[in-house]
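Notes to accompany the following structure.
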Amino acid sequence: MDLAAGAPFLRVTGPGGEELPWVVVRAPVVTRAQHVRLNRLADEGCRFVGATSYLGFPGAGFRDERDYGLLCEAWLHCFRAPDRFLPPNGPRVLVSESDFTDPLRVDARLVHRRPVTRAPEPVADVVHVSGAEPWRQQAKNWPLAARCLHRLAAETGLRVLVVDAPPGAESLPGVRSSGPLEWPELLAVIAAARCLFVPAVLDASPRVLAEALCLDVPVVVNRQILGGWQYVNAFTGTFFDGVDDVVPAVLETIGAAGGPRSWFMAHHGPARAGARVLRLLRSLDPSLPALSHVLLAPDRGPREHAPPGTR
């Protein structure tokens, strides 16, 4: 499931890929082609459930006059206080797209089985995944990240790396930077790290956070993050609040004996997340076939570039 696929729609399928009459709306519908596709899905008899996968969607701040509270019969959400962000109608369940991250695919034992002819990936103790585009810098909270990473490098001697670094990152003393990495290379970098640093606030479905846990790498996460806060506990990592407490948070995390992968496998993954979504949909649609769980797949219909989700 690729959050950067570019479409605001996901099809709900059975475990074998058979399409069900439900579609997930995970981002604003903003282009003409997307509006046409939405109308066609409705004409085909599809029903809609919303998902909070893009920044603060469906809250304010989008140039979009559509009432998603009327369109979507239920919500898959990431929020601590959903009443602040979601329409008042319809059932809700705390499920993020990142909950569907598959530990069988994201496994450090598989990541390290790589061709020896490839150049080695950069190695670091602390890894932060950012982005050069302005919207991604906003989602990843680059201004705070830069200040925190500078302090970590200066005060701890830890090797610090920014992947998909914004312009100017190379000027941070003691902080290494790289361009964007292909997914296998990114996983290899994270798997070799001692923690993943996530300073984001407006990140609603941070797949990279779930991927780090599947790779058995603990996380240090901004306490104010919209989505992904539910992954942080004594087994997986630590919250931090800002520049003043980032150093002790990172040192505590890399020195703790946890078990991020075991915890994630016990609570999340495609079957567990899909069973929770199925229970929600079945409460609205008792005619759904007898299934153990559902999956989410990119809509195969025509689409243009839309506000992408975030890693």
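Some values worked out for this structure:
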read-out: Rounded to whole Hz, the Karplus (6.51, -1.76, 1.60) HN-Hα couplings of the range 37-54, x for glycine and proline; value: 5, 4, 5, 5, 4, 5, 5, 6, x, 6, 10, 10, 10, x, 9, 8, 10, 9
read-out: Using θ = phi - 60° and Karplus 6.51 cos²θ - 1.76 cosθ + 1.60, couplings along the range 235-247 (whole Hz; Gly, Pro as x); value: 8, 10, x, 9, 8, 9, 10, x, 4, 5, 10, 5, 5
read-out: Heavy-atom surface of the chain, accessible at 1.4 Å and reported per residue (Å²); value: 43
read-out: Computed over the chain, the ratio Rg/Rh where both radii use C-alpha atoms and Rh is Kirkwood; value: 0.97
read-out: Inter-site label distance for Glu133 and Ser262 at 7 Å from Cα along Cβ, in nm; value: 3.9
read-out: Helix axis angle, 142-156 relative to the chain longest principal axis, alpha carbon, degrees; value: 30
read-out: Largest to smallest principal axis extent of the C-alpha atoms in the range 123-262, angstrom; value: 36, 30, 27
read-out: Nearest-20 debye value, the chain charge dipole, Cβ charges on Lys, Arg, Asp, Glu; value: 260
read-out: Helix-derived mean residue ellipticity, 222 nm - over the chain, DSSP H n ≥ 4, -39500 (n - 2.57), to 500; value: -8500 deg cm²/dmol
read-out: Per-residue ³J(HN,Hα) for the range 288-297, Karplus 6.51 cos²θ - 1.76 cosθ + 1.60, θ = phi - 60°, Hz, x for Gly and Pro; value: 4, x, 5, 9, 7, 6, 10, 10, 10, 9
read-out: Interchain or long-range residues, amide H under 5 Å from Arg47's placed H; value: Trp22, Val23
read-out: Semi-axis lengths (Å, descending) of the ellipsoid that matches the C-alpha gyration tensor of the range 192-311; value: 31, 18, 12
read-out: Charge dipole (the chain, unit charges on Cβ, about Cα centre) - positive-most of Ala188, Val123, Leu172; value: Ala188
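The values are calculated or read from the model by the stated rules, or taken from the named source; none is laboratory data. As the structure is a computational prediction, the values presented were derived from the model and not from experiment. Quick reminder, even Gly has a Cβ in these numbers, built from the backbone with ideal geometry, and neighbours come from all protein chains shown. In case anyone asks, the SASA skips ligands and DNA or RNA and just uses the protein heavy atoms, side chains included. Shrake-Rupley method; radii C 1.70, N 1.55, O 1.52, S 1.80 Å.
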